[in-house]
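Reviewing the structure listed below.
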Amino acid sequence: MSEEKKTESEGNGGSQEHERVSSRQDQARERIRQAVHDQQDALAAQQRAVQSASDAFLAEQELAEQEKKGLSAEEVARGQKAAGESRRTFLKISTGVIAGAAIASVIQVPMYDGLVSARNKDVHTLQGSLSQANSQVAQLQSQVATLQTRVSTTTGFLTLSTSERAVGEAIVETIIPSDSSGPGAKEAGALYFIDRQLAGDYGHSANMFMEGPFIETGQTGPITVGEITYSGGSPKVRVGAGTRYQYPLTMREYWRTGLAALEAYANSAFGGNFETLKSSQQMQILQDLWNNIPPDFGNIVPEDFAYELTFMTWCGFLMDPLYGGNQNMVGWTYTGYTGVNQGNAYGEGLTQAQLMVADKFTRLQPASLGQYQNPQSGSSNSSSASGQQSSSNSTTTSQSSGSSGSSSQASGSSSSQGSSSSSQSSGGA
């Protein structure tokens, strides 16, 4: 075959192939048009069926309604004709919109198929994350429930009587009330702290010299102590100082006497027990104690007892929760104190050096000594707690010792009160 005939044959073959492809495309387009046409016919038939059913239902309802009203058959027919036109117009418009949306969705589904698949994957991913978060929340709620059970079973009263608890709770709530800025001493369990201190060394005056004579401060002379006369009387000692406590009472007896005297004064001044009075009256009573107004206070200087009430309430609000108060560390949260958290008690990953040179202030969540002793009972884990102790080295040890020391001082009422225990040997003379 010559080259010229070969070229002509190839050209005819290509033209025929092109015609076959075009024919198949035309056939495909025709099938698509026919499918859309058939779908439109089906939707139109469905519209007519819906319209007929709706008309029949509405006509039946209207006929029953009109018959109830006593209208004649002719009047009912005229009303149905007028109402039917309005209903048909409404149905045509609404079903037309629905049909158009349905046809559009059939044609456009292939275009959105990929997008829908991607969105479904996103939804599945989010659902997985949500399930994981819900699992974590359930776990945390279980831990909280366990802690609440532990608190409720370990915060019973050891020393205070029922009546003492009632007045004591009202006193601590008056001194540090709960308001918009946060929980107060009552919510912090300050009375639990006081009760435990009264049951321990503090209540037994174990760190105090309790042999007389006991000489009241600020007496004018001359006074005789034993066989010695002091022309200048007894020295004036500030409230809360060590040698100020001059009573032949253990701290437990001191509190029992003081609370009973406070209740007696509340009844004489305002006609009711302290816990039943208005908050303004309760505040006034505490102010009267500070001003030594009650004439008879069980042989206790009212100002001394007011100091002890205030000091121990603040101790219960701010001490480590290990000692019964400051529950949920509300006192530390309120004041911004971090306890023994030096930067990594909860896995924050902050070293003391980073915190010292940081440009921005970082508020750390407070941590208790109890969490280091029993990591499972708190939010911090054993690894972060031990890591924190190793990273902070002597500083953490120092702070822990400081907290423990402060608590020991609280057990003796205060650092000043603690010093009063030993310096009391002179009896104030």
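The values are calculated or read from the model by the stated rules, or taken from the named source; none is laboratory data. Only a predicted model underlies this, so the values are computations on that prediction, with no experimental measurement involved. Neighbour counts run over all protein chains shown; Cβ positions are idealised from the backbone, glycine included.
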Margin query: Here is a check on your reading of the model: is LEU262 of a type outside the set (Ser, Thr, Tyr) and under 17 Å from ALA166 (Cβ atoms)?
Written below: yes
Note to self: Name the single residue that is modelled with the lowest pLDDT among those in the range 340-390 being under 18 Å from LEU322 (Cβ atoms) and hydrophobic (A, V, I, L, M, F, W, C).
What the structure shows: ALA385
Note to self: Checking GLN287 against (1) under 20 Å from TYR254 (Cβ atoms); (2) of a type outside the set (Phe, Trp, Tyr); (3) not in a loop (DSSP other than H, G, I, E, B), only one condition comes out false. Which one?
What the structure shows: (1)
Check: Out of the range 230-286, which residues are in contact with a strand residue (DSSP E or B) (Cβ under 7 Å, 6 or more places away or on another chain) and without any contact (Cβ under 8 Å) to a residue 60 or more places away in the chain?
Finding: GLY233
Next item on the list: Could you please give the count of residues in the range 153-203 that are part of a helix (DSSP H, G or I), under 16 Å from GLN282 (Cα atoms) and in contact (Cβ under 8 Å) with a residue 40 or more places away in the chain?
Entry: 11
